[in-house]
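All remarks here apply to the structure that follows.
The values are calculated or read from the model by the stated rules, or taken from the named source; none is laboratory data. The model shown is predicted, which means the values in this text are computed figures rather than measured ones. Ideal geometry is used to build each Cβ from the backbone, glycine not excepted, and the neighbour counts take in all protein chains shown. Calculation scope for accessible area: heavy atoms of the full protein, side chains included, ligands and nucleic acids excluded. Shrake-Rupley method; radii C 1.70, N 1.55, O 1.52, S 1.80 Å.
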Amino acid sequence: MYRYRYVFYAILFTCFFFSLISAIYFFTKTLHSNVSLNKHSSSKKADYHFILIPEEEDNPYWELIEKGAKDAGRKFHVEVEYIGPVQTNVNEQIKAIEKAIASKVDGIITQGIDNPAFSKVVNQAENEGIPVITIDTDAPDSDRSAYIGSNNYRAGYLAGKTLIKDTKGQAVVGIITGNHNENEVLRVKGFKKAVENTPKIKIAAVKSSNISRIQAAEKTYEIYQHYPNVTAFYGTSALDGLGISAVTEQFGKSKDIYILAFDTLPETMSLIKKGSIQAAIQQQPYTMGRDSIKTMVKLLNHQNTSKSIFTKISVIHKGDLFSESSNKYKKASDYD
Ligand code: BGC
């Protein structure tokens with residue numbers, strides 16, 4: 001009997017022991033899963049909610065800005081919402097800002113527009129305590145808190161000097177410009193300033209592509225028809241160079257016509273590699289997006305920031321695409 005009792009206690013003890021172990025095991029597991037749940041929900045529940053409003057939502061240039069902003073958003077616990085017109089449209093951009101104000105976001109990052117209705121809505125946001133950062137294009141007449149992007153006049157000036165050097169100071173130039181936004185206007189103005197004292201550089205015509213690749217091709221064709229002596233094209237927005245080169249390639253003229261593009265999107269890089277586009281002015285869209293989030297977080301924490309933060313601009317030629325060290329062509333992504 002005593003022996004049975006002993007066995008019974010042994011079983012009881014073993015059961016108790018295993019239930020204790022399993023209780024500890026499940027307790028720690030639950031604890032861990034709670035921790036990861038909390039972690040998960042804390043990353044879900046961001047500290048801030050910003051809205052990023054591009055000129056054109058599906059544009060590959062703006063998608064790089066979006067990527068930079070979203071990567072920084074993850075790092076700084078910021079929810080970044082990317083919403084804008086499908087195709088460039090000032091009224092829709094302004095409406096998106098109005099909606100952002102109504103939904104009381106913590107910060108608005110938007111391309112600047114030189115338009116009184118735009119300034120009005122930006123000033124309203126600022127008055128209601130929502131800081132606005134202009135990105136890519138400034139709106140200096142508004143009360144925006146800061147601008148982040150290229151110095152567009154300098155970028156245009158750099159384009160002019162590049163064209164002079166590459167064409168040995170002799171060219172009849174067709175300019176395809178995105179639209180009448182401040183950045184595009186400055187890119188043309190800076191270019192004209194750079195070439196004004198080079199007598200053999202002539203500007204045949206300036207036409208707008210409405211930042212569309214197809215319209216850039218149409219306008220290139222028109223210029224080419226009216227000025228058959230044109231020897232160079234300068235495209236001032238990200239898809240213009242692609243439209244211009246589509247025409248020169250179609251007419252078998254890519255060897256004779258010099259093209260200076262804007263931005264280093266992967267397609268532009270391939271055309272530089274191929275020799276259809278000779279050079280591009282490089283901006284830093286990823287950096288613009290990333291730094292706009294950092295700057296907005298600083299503004300909300302009442303830290304000092306500059307009113308104008310200029311990102312790097314540079315020139316890319318075919319020779320710059322080849323990396324001697326790896327003996328390979330660099331990827332487009334190596335450029336921002
Ligand atoms: C400009 C943007 C524009 C984009 C269009 C870029 O070069 O900086 O303002 O929206 O081109 O493709």
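Among the residues of region 262-284, which ones are within 24 Å of V185 (Cα to Cα) and either touching a Gly at 6+ places or on another chain (Cβ under 7 Å) or in a loop (DSSP other than H, G, I, E, B) (or both)?
Those that are within 24 Å of V185 (Cα to Cα) and either touching a Gly at 6+ places or on another chain (Cβ under 7 Å) or in a loop (DSSP other than H, G, I, E, B) (or both): F262, D263, T264, L265, T268, I277, Q278, A280, Q283, Q284.
Within the set of pairs 6+ apart or on separate chains, which have a first residue in region 235-247 that is within 10 Å of the ligand (Cβ to nearest atom), a second that is in a helix (DSSP H, G or I) and of a type in the set (D, E), and C-beta atoms under 7 Å apart?
T236/E184; S237/E184; L242/E267
Looking only at region 170-220, which residues are within 16 Å of the ligand (Cβ to nearest atom), of a type in the set (G, A, S) and part of a strand (DSSP E or B)?
Result: S208, single match.
Tell me yes or no: at least one residue of region 140-160 is assigned by TED's automatic domain parsing to the domain that holds I203, away from the ligand (no atom under 16 Å from the Cβ) and more than 21 Å from K312 (Cβ to Cβ).
Checked region 140-160: no residue is assigned by TED's automatic domain parsing to the domain that holds I203, away from the ligand (no atom under 16 Å from the Cβ) and more than 21 Å from K312 (Cβ to Cβ).
Among the residues of region 282-304, is any open to solvent by less than 10 Å² (accessible area, probe 1.4 Å), touching a Lys or Arg at 6+ places or on another chain (Cβ under 6 Å) and within 16 Å of the ligand (Cβ to nearest atom)?
No - not one qualifying residue is present in region 282-304.
Which one of K255, K207, K202 is within 13 Å of S276 (Cβ to Cβ) and not hydrophobic (A, V, I, L, M, F, W, C)? First the steps, then the outcome.
On the way: K207 fails: within 13 Å of S276 (Cβ to Cβ); K202 fails: within 13 Å of S276 (Cβ to Cβ).
Answer to the selection: K255.
Residues in region 221-234 that are outside any loop (DSSP other than H, G, I, E, B) and either more than 13 Å from the ligand (Cβ to nearest atom) or more than 17 Å from L163 (Cβ to Cβ) (or both): how many?
Pass one, region 221-234, residues outside any loop (DSSP other than H, G, I, E, B): 221-226, 232-234.
When the remaining residues are screened for being either more than 13 Å from the ligand (Cβ to nearest atom) or more than 17 Å from L163 (Cβ to Cβ) (or both), the result is 221-226, 232-233.
Residues flagged as outside any loop (DSSP other than H, G, I, E, B) and either more than 13 Å from the ligand (Cβ to nearest atom) or more than 17 Å from L163 (Cβ to Cβ) (or both) within region 221-234 amount to 8.
Any idea how many residues of region 243-255 are modelled with pLDDT under 95 and of a type in the set (D, E, K, R)?
2
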